[in-house]
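See structure below.
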Amino acid sequence: LVHLPAVAHIVHKEGFHHFIVVHKATQKYVIIADPAGGVEKWTKEEFCKRWTGYMALLTPDYQRLSVEAVGQAVSPWKRFFALVRPNMPTLLEAFFSAMVLTGLGMLSSFFVQHLVDSILVHNERRLLNALGIGMGIVLVFRVMIGVFRGYLLAFLARRVDLSLISNYTSHLLRLPMNFFEMRKTGDLLSRVYDASKIREALSGATLTTLVDGTLLAVSTLIMFLYDWQLALVACLFIPMLVGFVMFFHRPVQRRSRLAMEDAAILQSHLVEDATGIDTIKAYRLENARGDGAERKLVNFVQDVFALQKFGMILNAASMLITGVSVLIILWYGSHRVMDGALTIGQLMFFNMLMANVLGPVERLAILSLEFEDAVIAIDRLYEYLDVEQEGKKDDNALTFGGIKDALVLDKATFRYGYRANVLDNVNMRIPAGKTIAVVGESGSGKTTLLKLLMRFYDPVEGRILADGRDLREFSLESLRAKIGIVSQDPFIFNGTLMENISLGRPEAKKDEILDAAKVAGLSDFISELPQGYETMIGERGANLSGGQRQRLAIARAILLKPEILIFDEATSHLDTATERAIQQNMKSVFLGKTVILVAHRLSTIRAADLIYVMKGGKVVERGDHQALLAIDGYYASLWKAQSDDSAAAVSAKKPTTKLPPGSSTPKPPTAKINKPPVGTTQKSALKASANIGNTPAAAGKPQQPIVPPSLAPRGNTGAGATFDDDDFSEITADERETRD
């Protein structure tokens, strides 16, 4: 026997894992509560199909249970009225204008009664003209007030949109990284559409409720003053209309939530298609992805159609009830006229008042469904707005100014959710002003380590220290301002080249931007463009190659002038000559700065002061290149494997020559490397021009690295980051082609 309620682990219809609450289970069905969909009734077969077999059974500890411990959830209705409160002055203005408009409408009904009972019966032509002029004046006022009311509603809608959507987007951008990695883009965007439902309810439904509620009360009072018996007959139809609408309340609510969720799923699918269009075309997935979009569209359209069917049934029912009520009122009212209790004009006026009673009742009943939509939308919107922003507690945080001693990972452990540890008890010391490399196979935890340094995540165990202080003591704003990161696949925004380079420092001068581009090897490429730095590069940098995007990201990091520079496979798309030229330029730019390199190609990190080797989320070796080769461990095996792969690739490119009988096999041609005299370095052997497109400098005439004055290092000019082109001294021309 299972004590219910219990928390069950299931597979959602979209394939991801999900938790629900099981409230009741019988031999035929299961009553569940889904945080996303509310209370639902599933068949036993459906539940067993989606249940993973895991269930959390809960037993309350009544001795420790308290109201304070449990807490109180904020009602969506409370949130809705909190949105109404700051807009109350505008709503009241619109309400009074609507009431004047309604009063003028009722005045027209009174004119009709007077026309029938007084003017037509007594043939009063003079009064008829006066009444006509009066009704014309009323009409003009109704039009003017109607325009004013419409303006107020439009103003209110704009104000609500600006408030809700700007708050949502601003809040969204400040949420932690794990929030975005657990959600689809389309779901995030769909909440903006939900905001429009809140606006409609706030600007339209709220005002309609106030006006119709007042109109209903006033019209009912006047009806009882005219003829209480006829008024009682009219009021009999009100509960019928309300009851019919309320009967559909629960199914409409459930289907409305499903429609919002299915719209989010469809939007996520379309965003994925637009983002991955190159993969779709490369793998001929047009039909498969199109079919998937069609299935999701069918689900959404079915939800909308179901809502439309509910609407049609409600309209038909309200028309029937209203029509029957009018028929009965006219029938019974005619008897009252024949009995002398009413005049014909009063009956006509009463019939118009009847419309002012049943109309508001019908609208209020239907508006309750619109309010339900708004409440669901508020619930979905605040589901994200209630997530705490990162850096929320930074008010008293310290300002990060870089490191003077070292950045230390002290027994740092990290895992995503409840999965296995990605980093396990990592100890690492990154001295200030040194070049540190982190290497290892894919999945060893290198990129996750960088995310911890940027504080995209915090360690679940252990800590990261900057000069002895926990990194969490510093504000995120100041920390990330001092760390520049260049990833393997940098994101490029839709805009100009200059806007993208100056992303981290929008206030930077143009000369600084040009200098950063020159050091990153972008200047020649940009100079060939008709609009130069003002060239639009398209969404995600669609008009740039992979290497150009990486160089742009490098320029972006250089312009930031960070104290710590992180390269995460940052030159993987660059050819050897370009990579060497950029590294040579950056040697002087980042003199005295801390540089962290993450790379698969070990040849690019040979000159690092210290190399950390990772495997399975742990640091297994550390030391410089020569020391790691000397111990003949994991690093040495990686180095040997890459060397063997390069040698095999070079051998595969060499042509074979058929020799005549008796001839000896000639030695294969190799690239000649001029070794410098003992005691000197090899740096001058393979200097490269910083400008892309130039060939390496001729032997004996090396070019000096380009270091513009605006990027010259300041302050500490001691031992700093070393980007040594000794790394490339053993690469043959054939091997270079293989790398490219």
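The numbers here are math on the coordinates, done by the rules we state, and not lab data. Worth saying up front: this structure is predicted, and the values here are computed from it rather than measured. Cβ sites come from the backbone with ideal geometry, for glycine too, and all protein chains shown count toward neighbours.
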request  = Take His17, project a point 7 Å from its Cα along the Cβ direction, then tell me which residues of region 167-185 have their backbone nitrogen under 20 Å from it.
outcome  = 178-184
task = Once you have the Cα-Cα distance between Leu327 and Ala636, take 0.36 nm times their residue separation minus that, and quote the gain in nm to one decimal.
result = 101.7 nm
ask   = Which ³J(HN,Hα) values, rounded to whole Hz and listed in residue order, are derived for region 260-273 from phi using the Karplus coefficients 6.51, -1.76 and 1.60 in 6.51 cos²θ - 1.76 cosθ + 1.60 with θ = phi - 60°, glycine and proline given as x?
value = 5, 5, 5, 5, 5, 5, 4, 5, 4, 5, 5, 5, 4, 4
ask   = Relative to the present Cα-Cα distance, how much length would full extension add between Glu388 and Asp489 at 0.36 nm per residue of separation?
value = 33.5 nm
ask   = How do the peptides 211-218, 574-581 rank, highest first, by the average count of neighbouring beta carbon atoms within 10 Å per residue?
value = 574-581, 211-218
remark   = Non-local residues with an amide H under 5 Å from the amide H of Ala6, with H modelled 1.01 Å from N and Pro and chain starts lacking one, are Val22
task = Would you grab the residues whose amide H sits under 5 Å from the one on Gly538? Only those 5+ places off in sequence or on another chain, please, with H modelled 1.01 Å from N.
result = Gly495
remark   = Flagged as over-length at 19 Å C-alpha distance, from Lys184/Lys618; Lys411/Lys446; Lys451/Lys640, the pairs are Lys184/Lys618; Lys451/Lys640
query = Does region 385-488 come out rounded, prolate or oblate, given a ≥ b ≥ c as the square roots of the eigenvalues of its C-alpha gyration tensor, rounded meaning a/c under 1.5 and, failing that, prolate meaning a/b above b/c?
reply = oblate
remark   = Between Thr594 and residues 5 or more places away or on another chain, the pairs with built amide H atoms under 5 Å apart involve Gly433, Leu565
request  = Obtain the nm distance between the two label points defined at Arg158 and Phe141 by a simple spin-label model: each point lies 7 Å from its Cα along the Cα-to-C-beta direction.
outcome  = 2.9
task = Could you compute the FRET efficiency for Asp34 and Thr496, with r as their C-beta to C-beta distance and R0 at 51 Å, rounded to 0.05?
result = 0.65
task = Assuming R0 = 35 Å, can you tell me the calculated FRET efficiency for the pair Gln229 and Phe110, based on Cβ-Cβ distance, to the nearest 0.05?
result = 0.95
query = Hey, with R₀ at 51 Å, roughly what FRET efficiency would Tyr193 and Asp511 work out to, going by the Cβ-Cβ distance, to 0.05?
reply = 0.70
key: Trp228, Trp639 arranged by Cβ crowding within 10 Å, fewest neighbours leading   = Trp228, Trp639
key: Considering only region 476-605, percent of DSSP beta bridges that pair antiparallel, nearest 5   = 10
query = Whole-Hz Karplus ³J(HN,Hα) for region 169-186, in order, using 6.51 cos²θ - 1.76 cosθ + 1.60 and θ = phi - 60°, x for Gly and Pro?
reply = 5, 4, 5, 4, 5, 9, 7, x, 4, 5, 4, 6, 6, 9, 10, 8, 4, x
query = Would you list Arg183, Arg126 from fewest to most Cβ contacts within 10 Å?
reply = Arg126, Arg183
inquiry  = If packing is taken as the average number of other Cβ atoms within 10 Å across a peptide's residues, how do 496-509, 623-636 rank, most packed first?
reply    = 496-509, 623-636
inquiry  = Cβ neighbours within 10 Å, averaged per peptide: list 512-521, 458-467 in order, most packed at the top.
reply    = 512-521, 458-467
inquiry  = Using a 7 Å offset from the Cα along the Cα-to-Cβ direction at both Asn543 and Ala316, what is the distance between the two label points in nm, to one decimal?
reply    = 5.7
inquiry  = Can you sort Cys235, Cys48 from fewest to most other Cβ atoms within 10 Å of each residue's own Cβ?
reply    = Cys48, Cys235
query = So between Met240 and Asn178, what do we pick up on full extension, going 0.36 nm a residue minus the alpha carbon distance?
reply = 17.2 nm
